[in-house]
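The block underneath contains the structure these notes are about, expressed in structure tokens.
Any read-out appearing in this document is the output of simple, stated calculations on the displayed coordinates, not a laboratory observation. Predicted model only: the values in this text are computed from it and were never measured. Ideal geometry is used to build each Cβ from the backbone, glycine not excepted, and the neighbour counts take in all protein chains shown.
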Amino acid sequence: MTRTIQQINERIRSGSAVVLTAEEVIDAVKQDGIKTAFKKVDVVTTGTFSPMCSSGAFFNIRQSKEKMKIGGGFATLNHVPAYAGLAAADIYLGATALPDGDPRNGNGRPGKFRYGGAHVIEALVAGRKVTLRAGGYGTDCYPRRERVQEIGLEDTNDAFLFNPRNGYQNYNVAVNPSDKPIYTYMGKLKPKLGNANYCSAGQLSPLFKDPYYRTIGIGTRVFLGGALGYVAWSGTQHNAAVPRRKNGAPVRPAGTLALVGDLKQMDPRWLRAVSFAGYGVTLSLALGVPIPILDEEMLRFAAVTDEEIVAPVVDYSRFYPTGEGEPVLGEVSYAELKSGRIRLKGKTVPTGSFSSYAKAREVARHVKALIESKAFLLTEAQAPLPGARGEQEVRS
């Protein structure tokens, strides 16, 4: 027995679709078994709320009466540089962009980047104004050479997130066996295996629930930062050809998604700037993807648990910054990570997550509510992600 996305959408429209979160479906399968649960469940909703450095926003800024060609010139928003090598009024602001002169180290101590592109994006989404400073070389059709103006999203023709890499399908657990603390995008890593940091919602995370990208592809509708968005492409660093367990879960970082969504519809509840001491600024972002349960195999994937998913433990003192290769020290389950401690090299190591499981749960519940209220219909992927046909190596 199988069902189609069109059939599921008809059930959503009629109000008869059964929607469970990725946590709820685990209990349903444990209670009823795959065959019985499949007859009941139409959609499983997923969620994650994590720092996603490879994020940013395009802005098309409304022109004044005397027009100006920003393209080829420069632009800053609250002193944070934006990329201006586009058309006359288009700029791109990266979430990790930093203003010139932001202290990187003071008195030999790791500096904290207090403000960057993510903060500008969050401010605009929250309805606040930011200062645009721009300069151009002047042309006959765009004679103005300088512009300083307080702008909000209402002063743009278009504003949308376009994120080259979000929603990583699994990720490293970062540790530091060296004798000195190190400061990374995975936070401060204490010396001598003093802590282990990870960044995934595990059993709630979208790509763990569709490990072979059977339903998630180019054109898939998602919940992004409080608005409806879409998968635009496979994300940068997408690598489906990694070892996997029999449940499809990769044991190394694997698939990623390039995402797009309307910034004007987003909500600061689901989009927050983050600053890491000694590293920089990033954007924590809500991502939710509904998984249509087309057959029993999809339900089996959607019901995978934290006990069944493992992540690699990586020595960041060697891998960063020396680039000697990726020294994997072992594998641990997400259940172990979420317990607050793991065993590594005969030592009990405390764990910490940069992905908020509580917010991920909120995202999954919110997407469920949107579907149940008929405000969110599922889409057919228009093209598959690389690796969607199951060429990956499978291991026990």
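What to note about this one:
- Of Leu344, Gly136, Val41, farthest towards positive along the dipole that unit charges on Lys, Arg, Asp, Glu beta carbons give the chain: Leu344
- Between the beta carbons of Ala369 and Lys39, assuming R0 = 35 Å, the FRET efficiency works out to 0.90 to the nearest 0.05.
- Loop trypsin sites (Lys or Arg not before Pro), the stretch 14-84, which have at most 16 other Cβ atoms in a 10 Å radius of their Cβ (DSSP): Arg62, Lys65, Lys67
- Label point of Val148 set 7 angstrom out along Cα-Cβ; within the stretch 74-96, amide nitrogens under 14 Å from it belong to 76-79.
- Spin-label model, Lys192 to Asp32: label points 7 Å out along the Cα-to-beta-carbon direction sit 5.4 nm apart.
- Cα centroid separation, the stretch 149-174 to the stretch 216-275 (Å): 12
- Cross-link partners for Lys345 among the lysines, with Cα-Cα distance under 24 Å and sequence neighbours closer than 8 places in the same chain left out: Lys180, Lys188, Lys190, Lys192.
- The ranking of Tyr83, Tyr212 by Cβ neighbour count inside 10 Å, starting from the fewest, reads Tyr83, Tyr212.
- On the beta carbon distance between Ser16 and Gln237, with R0 = 30 Å, the FRET formula returns roughly 0.15.
- Most mobile of Asn157, Asn197, Asn60 in a GNM of the chain (Cα contacts under 10 Å): Asn157
- Here the label points at Ser178 and Thr131, each 7 Å from Cα along the C-beta direction, are separated by 3.8 nm in the simple model.
- Packing-based ranking, highest mean first, of 174-181, 2-9, 259-266 given that Cβ atoms within 10 Å are counted: 259-266, 174-181, 2-9
- Rounded to 5, the percent of DSSP beta bridges in the chain classed as antiparallel: 85
- For the stretch 56-161, the dipole from Cβ point charges (+1 on Lys and Arg, -1 on Asp and Glu) about the Cα centre works out to 300 debye, to the nearest 20.
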